[in-house]
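The values are calculated or read from the model by the stated rules, or taken from the named source; none is laboratory data. Here the structure is a predicted model, which is why all the values come from computation and not from measurement. Please note: Cβ atoms are built from the backbone with ideal geometry, for glycine as well, and neighbour counts cover all protein chains shown. These area figures cover heavy atoms from the full protein model, side chains too; ligands, DNA and RNA do not enter into them. Shrake-Rupley method; radii C 1.70, N 1.55, O 1.52, S 1.80 Å.
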Amino acid sequence: MKKVIATTNAPAAIGPYSQAIQVGNMLFASGQLGIDPATGNFVEGAVKEQTAQAFKNVKAILAEAGLDISDVVKTTVFLADMGDFGAMNEVYASQFEGAFPARSAVAVKTLPKNGLVEIEVIAVKA
């Protein structure tokens, strides 16, 4: 059974999609930008700050589904500029303890609202 996951602790979807969909013990979260859900604006700063906020948004969605960051098995990171990979990676590494999830990281031409980074996750509750 498919369940829509939505929380006001993460930015509302900016298009016709759900923040996340849960199917059984698996959660498929839509990409999260570095947007502060309280203001609807990007956080101040550059890619490090946007990456940290994107993870706050991811964690809020996970929590709404009864999961946490340790349940993440796959991430996809989209960067507006691959030159920001090192700065993003520094923040990324600080988000996990123990084994890191599988990951893809790609540069894209443009992100929604001209963001610098977008992070999507797949999580599984064992």
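Out of the total accessible area of the range 50-108 (probe 1.4 Å, heavy atoms of protein only), what percent is carbon and sulfur?
53
Considering only the chain, what is the antiparallel percent among its DSSP beta bridges, to the nearest 5?
Numbers: 22 of 28 bridges.
Close to 80 percent.
Ranked from highest to lowest mean number of other Cβ atoms within 10 Å per residue, what is the order of the peptides 69-79, 107-117?
Details: 69-79: 18.0, 107-117: 14.9.
Ranking, from highest mean packing down: 69-79, 107-117.
When the convex hull of the C-alpha atoms of the range 21-121 is computed, what volume per residue in Å³ does it have?
97
With n ≥ 4 as the cut-off for DSSP H runs, can you work out [θ] at 222 nm for the chain, using -39500 (n - 2.57) per run divided by the number of residues, rounded to the nearest 500?
That calculation yields -7000 deg cm²/dmol at 222 nm.
Relative contact order of the chain: what whole-number percent is it, with Cα pairs under 8 angstrom and at least 6 residues apart?
31
Select from GLN50, PHE28, PRO101 the residue farthest towards the positive end of the dipole of the chain; place +1 on Cβ of Lys and Arg, -1 on Cβ of Asp and Glu, and compute about the Cα centre.
Final value for the positive-end residue is PHE28.
In the chain, what is the count of Lys pairs whose alpha carbons are under 28 Å apart, counting only pairs at least 8 residues apart or on separate chains?
Eligible lysine pairs with Cα atoms under 28 Å apart amount to 25.
Any idea what the dipole of the range 19-126 comes to, in debye rounded to 20, about its Cα centre with Lys/Arg Cβ at +1 and Asp/Glu Cβ at -1? Could the numbers behind the result be given before it?
Working: 8 positive and 12 negative charges, 51 e Å.
With only Lys, Arg, Asp and Glu charged at Cβ, the dipole is about 240 debye.
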